[in-house]
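Chemist: This is the structure, below, for whatever I ask next.
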Amino acid sequence: MQDILQSLGLAFNLMWRLDPNLVAIATLSLKVSGGAVLLAAVLALPFGAWLALARFPGRDAVIAVLNGMMGLPPVVVGLLVYLLLSRAGPLGPLGLLFTPAAMSIAQAILIFPIIAALARQVIEDAWDEYREQLLSLNATRWQCAEALLWDMRFSLSTSVLAGFGRAVAEVGAVMIVGGNIDGVTRVMTTAIALETSKGDLPLALALGLVLIFLVVCINFAAQAVKSYARRRHG
Amino acid sequence: MTSILPLSVRDLGFTIAGHEVIQGVSLDLAAGSRTVVLGPNGAGKSVLLRLLHGLLQPTGGTLRWAAADARRHQAMVFQRPVMLRRSALANIRFALDVAGAKGETDARARLALDRVGLGPLAERPARVLSGGEQQRLALARAWALQPQVLFLDEPTASLDPAATRAVEDVIVAMHQAGATIVMTTHDIGQARRLATDLLFLHQGRLIEATPAEAFFAQPRSAEAAAFIRGELLW
């Protein structure tokens, strides 16, 4: 107990002083996961909207697989991306392995199903309400999808933030494809894992607290966006 | 511009899950009328309107407009208006954009808002408008499209008398501006106020198709006579 309290005290001290090491690691985490969310959202939102409006044989199976992939194990995704990006892999010549870009790609793959599946659900529910009106206006499928994506923007921002929360908190994928290189690919989760095994509990705890703080902030932001939207737009 | 009217409907049927919702409906719709589809709940009024507008595909019979590409010259207003989460003005602009209107869409949208008395509310988010205002906005959206035929499905069913009055005024104004009106209602008073021609529907069949005056003075069918007397029909 004494150890924990002492470590907590040091952790708060690190945060209070804005310890450069701590700040650098947290900043890289945000950059990597921010990039991952951007990449994933750009692909997953249109895909989710398309899946919501499309009717084709096997659609139910696609939805089931997509929903199932929301729980992809990060280490497996890390392994697959590792194989793709390693020297001998098909994307080896890009030289991305052990770079922040590789970490963003791995996280993007991890959260693509989350954003796409949630978006599909949101858009499909909305489609029930909007379908006749939009079809009456002679909107094409693509125009419908576009209009629904924009109309559901506040609900969808929650799905995107859910993706961000998952990305920033996962450790397995970034550990494998990033390599946890000090100052280059060390992010909060991999640093916590390393510092804990080294016994540097204050830094690990400080990073852990920052991580929790971030995730809570994200949820507050999601809540705020929603209630603002409800008041402003009905 | 070539007229899409008259519309010729022969032996129209719509069956869903073994239930004949519409059967053997034949009618001719001439330009310039205000046709009211009257009948008790469940008579198939809304389904008939959707068949005419093309939102539903008939399972039997034929439906022939006088000109090709007739859909572009129709608009429909639903019982519950569906508004996009953007301003009142932007909702109309969206409809114009989807219809491929070129140039002065902003001016056209504003003109339509002014005509229904919503000019001052142009920048308001559409979804926070009152029910009556939203229905007038739906009418403005339809009006901006300058349809030759305007379909209205129970447009005042969930409105109070003042809002109903405002909506009816807009319908009359659109008719005077040249649109042919086809609307459903189960409100006899509204049919008396608005109809030039009457289609009386009962259990999916067209019982009477006559000028409104004749219908109310001397209904030919026992069902219509009972309905006018205010008896319950099923």
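Chemist: Can you spot a residue in the range A:14-27 that is hydrophobic (A, V, I, L, M, F, W, C) and modelled with pLDDT of 95 or more?
Modeler: No - not one qualifying residue is present in the range A:14-27.
Chemist: Still on this structure, I have one more. Taking the range A:146-172, which residues are among the small types (Gly, Ala, Ser) and within 13 Å of another protein chain (Cβ to nearest Cβ)?
Modeler: Selection gives A:147, A:155, A:157.
Chemist: Quick one: would you say residue A:193 is aliphatic (A, V, I, L, M) and either surrounded by fewer than 21 Cβ atoms within 10 Å (Cβ to Cβ) or free of Cβ contacts under 8 Å to residues at least 24 places away in the same chain (or both)?
Modeler: Yes: the conditions hold for residue A:193.
Chemist: Provide a single number: the residues in the range B:55-112 that are more than 21 Å from residue A:150 (Cβ to Cβ) and among the small types (Gly, Ala, Ser).
Modeler: Qualifying residue count for the region: 10.
Chemist: Turning to a different aspect of this structure: Consider residue A:168 carefully, then state whether it is among the hydrophobic types (A, V, I, L, M, F, W, C) and crowded, with 21+ Cβ neighbours inside 10 Å.
Modeler: So residue A:168 passes the test.
Per-residue answers, yes or no, for (1) out of contact with any Ser or Thr (no Cβ under 8 Å at 6 or more places or on another chain); (2) at pLDDT 90 or above; (3) not in a helix (DSSP H, G or I):
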| position | (1), (2), (3) |
| --- | --- |
| A:143 | yes, yes, no |
| A:149 | yes, yes, no |
| A:165 | yes, yes, no |
| A:180 | no, yes, yes |
| A:192 | yes, yes, no |
| A:212 | yes, yes, no |
| A:223 | yes, no, no |
| A:228 | yes, no, no |
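Chemist: Okay, next question. Check whether at least one residue in the range B:133-149 is more than 14 Å from chain A (Cβ to nearest Cβ) and in a helix (DSSP H, G or I), and report yes or no.
Modeler: yes
Chemist: Turning to a different aspect of this structure: Test residue A:119 against the stated conditions and say whether it is closer than 24 Å to residue B:127 by Cβ, more than 14 Å from every other protein chain (Cβ to nearest Cβ) and buried (at least 22 other Cβ atoms within 10 Å of the Cβ).
Modeler: Yes.
Chemist: Kindly list the number of the only condition in (1) touching a Ser or Thr at 6+ places or on another chain (Cβ under 9 Å); (2) buried (at least 18 other Cβ atoms within 10 Å of the Cβ); (3) of a type in the set (Val, Ile, Thr) that fails for residue A:184.
Modeler: It fails just one condition, (2).
Chemist: Answer with yes or no whether residue B:224 is in contact with a strand residue (DSSP E or B) (Cβ under 8 Å, 6 or more places away or on another chain), buried (at least 16 other Cβ atoms within 10 Å of the Cβ) and in a strand (DSSP E or B).
Modeler: no
Chemist: Give the residues of the range A:132-145 that are free of Cβ contacts under 8 Å to residues at least 12 places away in the same chain and either more than 29 Å from the chain's Cα centre (by Cα) or more than 8 Å from chain B (Cβ to nearest Cβ) (or both), sorted by residue number.
Modeler: Within the range A:132-145, A:132, A:133, A:135, A:136, A:137, A:138, A:139, A:140, A:142 qualify.
Chemist: Here's a follow-up. Is it the case that the range A:178-196 has a residue that's within 14 Å of chain B (Cβ to nearest Cβ), over 15 Å from the mean Cα position of the chain (by Cα) and either aromatic (Phe, Trp, Tyr) or within 19 Å of residue A:78 (Cβ to Cβ) (or both)?
Modeler: No: zero hits.
Chemist: Can I ask one more? With the checklist (1) closer than 21 Å to residue B:215 by Cα; (2) surrounded by 18 or more Cβ atoms within 10 Å (Cβ to Cβ) in hand, flag the one item residue B:30 doesn't pass.
Modeler: (2)
Chemist: Also, I was wondering about something else. Going by the structure shown, is residue B:153 of a type in the set (Asp, Glu), away from every other protein chain (no Cβ under 14 Å) and on the phi < 0 side of the Ramachandran plot?
Modeler: When the stated conditions are applied, residue B:153 does not pass them.
The values are calculated or read from the model by the stated rules, or taken from the named source; none is laboratory data. Note that this is a predicted model, so its numbers are computed, not measured. Neighbour counts run over all protein chains shown; Cβ positions are idealised from the backbone, glycine included.
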